[in-house]
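Take a look at the structure set out below.
Bear in mind that the values in this text are calculations on the coordinates, not laboratory data. Everything numeric here is computed off the predicted structure, so don't read it as measured data. All Cβ positions, glycine included, derive from the backbone under ideal geometry; neighbour counts span all protein chains shown.
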Amino acid sequence: MNTGKFVISGVIGGVLFFLLGWLIYGMLLMDFMTQHMSSAAASVMRPEAEWPWWAMIIGNIGLGFLLSYVISKSNAAGVSAGAVTGAVVMFLVSFSIDFMIYAQMNLSDLTSVFVDIITSAVIGAIVGAVVGWWNSRK
């Protein structure tokens, strides 16, 4: 594994996760997700003005490095291989976490769980395509 490519693609992936999350969850799906939240979720959600942005940034960078690592280790070089790998990884991560949260907490309904899983896979495909492209460069 090329350490330089891993680090750069991890940061690129993290920035893309952040921007796509803001666009898709923060703008396009915000009303939908709010409508599918339980009253319990509404009471635990922080207003955006009170978010610790450093934590959001670190979480997205972590996802970027996760995809960079998996794509590098699986030799998924190129846009299409990166997209497939990114979609599968994010589908499985989201599938697992969303269902465990659904089982333990009264935060949302099943509709939003499935929408989140699909959305995460789409975002993973986009980020994976870019990471795969970056890693395949000479």
Exercise. Hey, how many Å between the Cα centroid of the range 85-122 and the Cα centroid of the range 29-80?
Worked result: 11 Å
Problem set entry | Cα-based convex hull volume of the range 90-133 per residue, rounded to whole Å³ | 51 Å³
Problem set entry | Cα-based shape type of the range 62-138, given that a ≥ b ≥ c are square roots of the gyration tensor eigenvalues and the cut on a/c is 1.5 | prolate
For this session: Only Lys, Arg, Asp and Glu count, each charged at its Cβ (+1, +1, -1, -1), so figure out the dipole size of the chain about its Cα centre, rounded to 20 debye.
Result: 720 debye
For this session: Please work out the ratio of the alpha-carbon Rg of the range 12-77 to 2.2 N^0.38 Å and round it to two decimals.
Result: 1.37
Exercise. Using a Gaussian network model of the chain with C-alpha springs under 10 Å, which one of 38, 120, 68 is most mobile by mean-square fluctuation?
Worked result: 38
Exercise. When the Cα atoms of the chain are enclosed in a convex hull and the volume is divided per residue, what value in Å³ results?
Worked result: 102 Å³
